[in-house]
Amino acid sequence: MPRETILTFDLGTMNCKVCLWDLSGRLLASADESHPTHHPHPDWAEQDAADWWRASLAAAQSCLAGQDPSRIAAIGLSSQREGVVPVGQDGHPLDRCIIWMDRRCREQSARLGEEFGVSFLHRHTGVAPDPNYTACKLLWLREHRPEILQKAALFLQPRDFLYHRLTGEPATDYTLASRTMMIDIRRQAWWPAMFERVGVRIDQFPPLYRSTQTPGTLARETAALLGLPPGIPVALGGGDRSCEAVGAGLSGSRASDSTGTATQVSMVTGRLPDDPGRVPCGIHALPDRYLFELGISTTASALRWLRNLVGLGPGQTRLLDREAAESPPGARGLLVFPFFMGARSTRWNPDARGLILGLSLGHTRGDIVRALLEGVAFEVATCLDGLRKLGVVPGELAVIGGGGKSEVWAQIKADVLGMPVARLRYTEAASLGAAILAAAAVGLVEDPLAAASAWNPPVRRFTPDPEAARLYQDRRRLFEDVYTALSPYYARLRL
């Protein structure tokens with residue numbers, strides 16, 4: 001029987017999702033398994049790599065139940081980015097992974113910016129200093145846990161750890177390397193000066209490969225755990241946002257809004273600007289392409305926080321969605337600023353914090369939810385403005401991720417942005433993108449963009465309502481005025 005299916009692992013911030021796809025883009029089976037995040041101190045966020053592996057195995061075993069393992073042609077991977085797990089000589093983690101949303105290394109981030117120059121770092125590495133990035137986390141470890149740096153044989157991002165467990169091979173790709181602040185993005189090679197500054201060696205990082213390469217195959221021991229034949233090619237795939245860009249078919253004027261724990265606004269271009277302004281850019285999963293992306297740290301995670309705060313369970317998020325739809329545009333005068341873990345996008349203000357402004361005794365829970373959805377949409381507009389300043393002009397927004405399933409949120413975004421919004425067949429586009437990259441790696445897909453267009457077409461379009469769009473122009477100006485007025489005070493909130 002021919003091998004004609006692709007197995008994918010998407011190791012996200014909250015769970016690992018495993019999917020099985022056929023070569024027409026049909027989802028044959030899927031399963032996910034959650035893993036915890038630990039917050040031992042305010043602004044800290046850590047995960048155990050052992051929990052990633054447990055969740056990956058459990059999800060894969062559920063997904064593959066009743067499937068024919070002999071038909072699997074390749075395995076593709078996607079994951080959260082920027083977090084780093086130190087691994088010892090025995091292949092086991094030495095400590096928890098400081099994940100992307102952790103903000104403890106603000107001082108280290110600021111110091112690297114002062115020493116190298118913020119603009120230079122942005123031009124040289126594709127990103128400006130921020131606690132998100134791997135270099136800042138490693139400098140924090142150097143200053144607070146130096147024994148970890150000395151003992152580590154490898155430093156692995158989440159996808160790299162999963163790849164190492166599946167194949168036994170250390171490997172990373174350019175999409176993840178682009179989120180370290182440790183790569184020379186124009187030479188596409190590790191940057192020795194930053195390695196020296198943060199106290200690690202280049203040989204402690206995995207070799208660099210393209211996203212469609214397969215440096216390893218499924219190891220015998222792991223294959224036995226999964227009930228699969230050993231030797232299946234394992235394609236590297238990429239970071240979640242690059243895989244989403246592939247799965248959403250980003251090219252030309254199509255931008256994407258991926259909303260899960262956070263929101264990322266992305267576009268793909270064939271050129272790297274001399275001055276990227278305040279827009280992070282990285283090497284894309286597809287050849288000769290770059291990915292521009294701007295992020296909002298807490299979006300659906302802020303919605304979950306609100307859901308939990310009012311005593312609702314995980315299955316009641318749709319209730320909040322319905323209540324938000326009952327609130328009119330403008331949320332009866334409320335504004336919510338979704339900066340619960342700092343402001344990213346083009347603001348780069350790690351001290352910014354969330355705010356609900358305008359509350360009265362007459363407001364409902366639905367008003368607060370709608371104001372949060374609108375606040376996120378205002379930040380998406382800020383992200384798109386940052387892209388326009390680089391001459392990258394969006395004409396359509398594809399909504400993906402879990403938040404892409406909300407019709408009221410999609411309509412709010414269309415109204416705030418004044419542009420069409422498309423919901424694609426598969427809103428979980430990272431898994432689909434990993435499948436396309438894996439299929440390309442073994443020669444089963446010739447043109448990844450054509451495959452994305454065929455496998456994941458739009459199924460619903462939302463067009464701006466002129467009256468709501470006019471109202472949101474005024475509300476967004478007020479949103480910006482309030483943020484500007486409060487900016488000097490955010491740092492004083494720290495205790």
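The values are calculated or read from the model by the stated rules, or taken from the named source; none is laboratory data. What you see is a predicted model, and the numbers here were worked out from it, not measured in a lab. All Cβ positions, even for glycine, are placed from backbone atoms using ideal geometry, and neighbour counts span all protein chains on display. Note: accessible area is taken over every heavy atom of the protein model, side chains too, but ligands, DNA and RNA are not part of it. Shrake-Rupley method; radii C 1.70, N 1.55, O 1.52, S 1.80 Å.
Inside region 321-350, residues that are open to solvent by 10 Å² or more (accessible area, probe 1.4 Å), touching a strand residue (DSSP E or B) at 6+ places or on another chain (Cβ under 7 Å) and in a loop (DSSP other than H, G, I, E, B) make up a count of 3.
Let's see how each residue does on (1) touching a helix residue (DSSP H, G or I) at 6+ places or on another chain (Cβ under 8 Å); (2) crowded, with 19+ Cβ neighbours inside 10 Å:
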{"site": "Thr13", "(1), (2)": "no, yes"}
{"site": "Lys17", "(1), (2)": "yes, yes"}
{"site": "Ala31", "(1), (2)": "yes, no"}
{"site": "Ala45", "(1), (2)": "no, yes"}
{"site": "Leu64", "(1), (2)": "yes, yes"}
{"site": "Arg71", "(1), (2)": "no, no"}
{"site": "Gln80", "(1), (2)": "yes, yes"}
{"site": "Gln89", "(1), (2)": "no, no"}
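The number of residues in region 251-289 that are touching a Lys or Arg at 6+ places or on another chain (Cβ under 9 Å) and surrounded by 21 or more Cβ atoms within 10 Å (Cβ to Cβ) comes to 15. Scanning region 368-424 for residues that are buried (at least 24 other Cβ atoms within 10 Å of the Cβ), part of a loop (DSSP other than H, G, I, E, B) and among the β-branched types (Val, Ile, Thr) gives no hits.
Among the conditions (1) open to solvent by 10 Å² or more (accessible area, probe 1.4 Å); (2) closer than 15 Å to Arg344 by Cβ, the only one that Thr364 does not satisfy is (2). Given the condition in contact (Cβ under 8 Å) with a residue 24 or more places away in the chain, of a type in the set (Phe, Trp, Tyr), surrounded by 16 or more Cβ atoms within 10 Å (Cβ to Cβ) and out of contact with any Cys (no Cβ under 9 Å at 6 or more places or on another chain), answer yes or no: does some residue in region 145-155 qualify? Yes, region 145-155 has at least one match.
To keep it simple, each residue is scored yes or no on (1) at pLDDT 95 or above; (2) β-branched (Val, Ile, Thr); (3) out of contact with any strand residue (DSSP E or B) (no Cβ under 8 Å at 6 or more places or on another chain).
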site: Met14; (1), (2), (3): no, no, no
site: Arg26; (1), (2), (3): no, no, yes
site: Ala58; (1), (2), (3): yes, no, no
site: Ser62; (1), (2), (3): yes, no, no
site: Ser70; (1), (2), (3): no, no, yes
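Could you go through region 437-447 and let me know if any residue there is surrounded by 15 or more Cβ atoms within 10 Å (Cβ to Cβ), under 20 Å from Pro233 (Cα atoms) and β-branched (Val, Ile, Thr). Yes, that holds for at least one residue. Do the conditions hold for Leu236, that is, is it touching a residue at least 60 places away in the same chain (Cβ under 8 Å), touching a Pro at 6+ places or on another chain (Cβ under 8 Å) and open to solvent by less than 10 Å² (accessible area, probe 1.4 Å)? When the stated conditions are applied, Leu236 passes them.
Summed over region 158-209, residues that are among the β-branched types (Val, Ile, Thr), farther than 17 Å from Leu236 by Cβ and assigned to a helix (DSSP H, G or I) total 2. Look at (1) in contact with a Pro (Cβ under 6 Å, 6 or more places away or on another chain); (2) within 22 Å of Val421 (Cβ to Cβ) and you find that Val268 fails only one, number (1).
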